[in-house]
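K.L.:
Below you will find the structure I want to go over with you.
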Amino acid sequence: MADLNTRVSNHLQHIYPALNSADTQQLALSLITTMRLEPEQVHAGRQQQIWDQRDVYLITYADSIKSAADEMPLQTLQTFLCQHLKGSISGVHVLPFFPWSSDDGFAVSDYNTVHPALGNWQDIEALAGDFKLMADLVVNHCSASHTWFQQFIAGQSPGKDYFYTADPALDLSAVTRPRTSELLQSVPTADGTRHVWCTFGHDQVDFDFRNPDVLLEFVRIIRLYLDHQVRVFRLDAVAFIWKEPGGNCLNLLQTHEIVRLLRALIEHADTEALIITETNIPKRENLSYFGNANEAHSIYNFSLPPLLVFTLLNGNCRHIKNWLMSMPPAQLGTFYFNFIASHDGIGLRPAEGLLSDQEIESLLAGIERSGGRISWRATSALERRPYEINVSLWDALACTLEDQSGAPDAWQLQRFICAHAILLALEGVPAFYIHSLLATGNDEARLAQSGHNRHINRHQWSQSELNRLLEDNNSHHARVLAALKSLIAIRQQQPAFHPNATQFTLHLGDGIFAFWRQSINREQSIFALNNISLQTHHIPLSDINLIDTEDWYDLVSGQHVALDDQEIVLAPYQTVWLSNRRPDISGNTIAGSSKAADDN
């Protein structure tokens, strides 16, 4: 096995082929020293069972819950999580908690400190003491107010060479972007007018990773975060970090090589630290960030949210079933990061090629009837295309696409629970956006105040109001949280729900989205059956092909399934988890005895 210096040098040769051998070795040594590692260090190997079925993540802003008391939001968040979710979630992704100027944190103006309105590094470390902490490494761009960019304007080091500039006369029409703003921003500097590259907007200025000093800065930031107990690094917008004008500037070879380099450094520093890449792009490109199990430990399963929402609103699982059959098992040492709602919205690029334009238009119309908004992007042909749906998941699932009223129907709660039952059963690690666990609706007031579409799903709860609603067992907020915590508790006891356990898609008609999971040791099987329609469905047990020498139980209801019954009846949006391991009175599962053994 190669030592760290050899690994790092090899990556650098691919990223910066113009560097001579001496400069490559010097850069490698600087990176290794910055991470406080030894050049001769050999990776000890990843610890086994670093993730399993007990892993469930929460996605939240530090100030999603605000206290009326004199308490920092990070402290309020930790109190809430320990009170309501201790044991239910294993990790928490706190969205950017650094000083920022726009985009609710993703225009970072200081990577080294916690935003003073949210708390401090001690609060971050306290939270990391209770949960695995995921933090954003906003690696593609920083705020235009960052000291580095002010140095760029003044022509001062080091920032004067940190940002990507381009000649506006170049043909940049092929560049793929998630925004419709102008790509280049004209900026007066001490060296004359410069045109800086802004993938996401003019307050978010793109770094120039052709300068190795930029890479070195981010390795220093990674070391700082590790020192403050961050163990999961979400590489935000990483697909855009390397640019070559004339192409789409997305997913370039140097980008993948940088991810591999960061992986090598991080895993040598901490064998339990993880990299998750945030790449809101079509499936094939997204999967490439696994590399050969040498890039991201995990990738966001971006196709799941639009497909699952469409499936539940359309009452037909044909598309999501075809997609699931096409998804390769995650390689050993990697896993899918599954989610169906986030702070951004429901991305539509990952649905390209999976849903037709007509189906996407139908979905957009239905979501707009439920109060949602649509954000747009520019294509390489400078056309406007829908980029994401901005809506709370609770309101997105209010009614079917056939319902022209957009008003919540009688099945909203069941439909919402069904969506998350599917999330919990799929191969991978599930992640819940805090406003899904709390069944928060569209925040029309915040949207109207800010004018930013994404704010519709970024509500900030008053701690006292939220506690009052959760104490009211009749509120839909309390009912949803209780139901989801119950499903999570069941999931966490099932070896067949291990993130890397076997998964096969079942074919039980267009109204039943079903798949089979089998534990790694092959001792437990679970048939996850989900009625995704308004109709009641009768499923012949012969179609599921249950082994008749074993006893079967529905883990959700705790009921024994008698094979003599010939069929299972699923009400609208009902989920059944059929297992050959029966639940005991504590809610755990124990191996089901075979009939032959029972007869002895």
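The values are calculated or read from the model by the stated rules, or taken from the named source; none is laboratory data. Please read these numbers as outputs of a predicted model, since none were measured by experiment. Methodologically, a virtual Cβ is constructed for each residue, glycine included, from the backbone with ideal geometry; neighbour enumeration extends over all protein chains shown. With ligands, DNA and RNA removed, areas are computed over all heavy atoms of the protein, side chains included. Shrake-Rupley method; radii C 1.70, N 1.55, O 1.52, S 1.80 Å.
K.L.:
Inside region 532-546, can you point out the residues that are surrounded by 12 or more Cβ atoms within 10 Å (Cβ to Cβ) and either free of Cβ contacts under 8 Å to residues at least 40 places away in the same chain or under 20 Å from residue 505 (Cβ atoms) (or both)?
P.N.:
Passing the criteria: 532, 533, 536, 537, 539, 541, 543, 544, 546.
K.L.:
Keeping to region 125-143, report how many residues are touching an Asp or Glu at 6+ places or on another chain (Cβ under 8 Å) and either of a type in the set (A, V, I, L, M, F, W, C) or free of Cβ contacts under 8 Å to residues at least 60 places away in the same chain (or both).
P.N.:
Residues flagged as touching an Asp or Glu at 6+ places or on another chain (Cβ under 8 Å) and either of a type in the set (A, V, I, L, M, F, W, C) or free of Cβ contacts under 8 Å to residues at least 60 places away in the same chain (or both) within region 125-143 amount to 3.
K.L.:
Name the residue that is most open to solvent (accessible area, probe 1.4 Å), counting only residues in region 72-116 that are among the charged types (D, E, K, R) and in contact with a helix residue (DSSP H, G or I) (Cβ under 8 Å, 6 or more places away or on another chain).
P.N.:
Going through the qualifying residues, I end up with 86.
K.L.:
Quick one: residue 288 ticks every box in (1) more than 18 Å from the chain's Cα centre (by Cα); (2) among the small types (Gly, Ala, Ser); (3) not in a loop (DSSP other than H, G, I, E, B) bar one, so which box is it?
P.N.:
Only one criterion in (1) more than 18 Å from the chain's Cα centre (by Cα); (2) among the small types (Gly, Ala, Ser); (3) not in a loop (DSSP other than H, G, I, E, B) is unmet by residue 288, namely (1).
K.L.:
Another question, then. Testing residue 210 on (1) of a type in the set (Lys, Arg); (2) surrounded by fewer than 18 Cβ atoms within 10 Å (Cβ to Cβ); (3) within 25 Å of the chain's Cα centre (by Cα), one condition comes back false. Which one is that?
P.N.:
The failed condition is (3).
K.L.:
Now for a different question. Across region 149-178, which residue is farthest from residue 199 (Cα to Cα) among those that are free of Cβ contacts under 8 Å to residues at least 24 places away in the same chain and open to solvent by less than 40 Å² (accessible area, probe 1.4 Å)?
P.N.:
Looking at the filtered set, the residue picked out is 151.
K.L.:
Do any residues in region 13-24 that are free of Cβ contacts under 8 Å to residues at least 60 places away in the same chain and aliphatic (A, V, I, L, M) have Cβ atoms under 6 Å from those of residues that are surrounded by 15 or more Cβ atoms within 10 Å (Cβ to Cβ) and assigned to a helix (DSSP H, G or I), where the two are at least six apart or on different chains, and which pairs are they?
P.N.:
Pairs found: none.
K.L.:
Let me ask something additional. Determine, yes or no, whether residue 263 is of a type in the set (Lys, Arg) and either surrounded by 21 or more Cβ atoms within 10 Å (Cβ to Cβ) or not in a loop (DSSP other than H, G, I, E, B) (or both).
P.N.:
Taking the combined requirement at face value, the residue satisfies it.
K.L.:
Next question. Give 437, 481, 506, 487 a once-over and let me know the one that is under 24 Å from residue 576 (Cα atoms), free of Cβ contacts under 8 Å to residues at least 60 places away in the same chain and buried (at least 16 other Cβ atoms within 10 Å of the Cβ).
P.N.:
506
K.L.:
A follow-up question, please. Return the residues of region 21-68 that are at pLDDT below 95, exposed (fewer than 13 other Cβ atoms within 10 Å of the Cβ) and either among the hydrophobic types (A, V, I, L, M, F, W, C) or farther than 22 Å from residue 267 by Cα (or both); say none if nothing qualifies.
P.N.:
44, 68
K.L.:
Related question: Answer yes or no as to whether residue 511 is out of contact with any Asp or Glu (no Cβ under 8 Å at 6 or more places or on another chain) and in contact (Cβ under 8 Å) with a residue 60 or more places away in the chain.
P.N.:
So residue 511 passes the test.
K.L.:
Continuing with this model, one more query. So, in region 325-350, of the ones that are farther than 17 Å from residue 288 by Cα and not in a loop (DSSP other than H, G, I, E, B), which residue ends up most open to solvent (accessible area, probe 1.4 Å)?
P.N.:
Checked region 325-350; the qualifying residue most open to solvent (accessible area, probe 1.4 Å) is 325.
K.L.:
Then there's this: Return only the number of the condition from (1) surrounded by fewer than 17 Cβ atoms within 10 Å (Cβ to Cβ); (2) in contact with a Lys or Arg (Cβ under 8 Å, 6 or more places away or on another chain) that residue 249 does not satisfy.
P.N.:
Of (1) surrounded by fewer than 17 Cβ atoms within 10 Å (Cβ to Cβ); (2) in contact with a Lys or Arg (Cβ under 8 Å, 6 or more places away or on another chain), only one is false for residue 249: (1).
K.L.:
Tally time: how many residues in region 456-474 are within 24 Å of residue 342 (Cβ to Cβ) and either of a type in the set (Asp, Glu) or free of Cβ contacts under 8 Å to residues at least 60 places away in the same chain (or both)?
P.N.:
Residues flagged as within 24 Å of residue 342 (Cβ to Cβ) and either of a type in the set (Asp, Glu) or free of Cβ contacts under 8 Å to residues at least 60 places away in the same chain (or both) within region 456-474 amount to 2.
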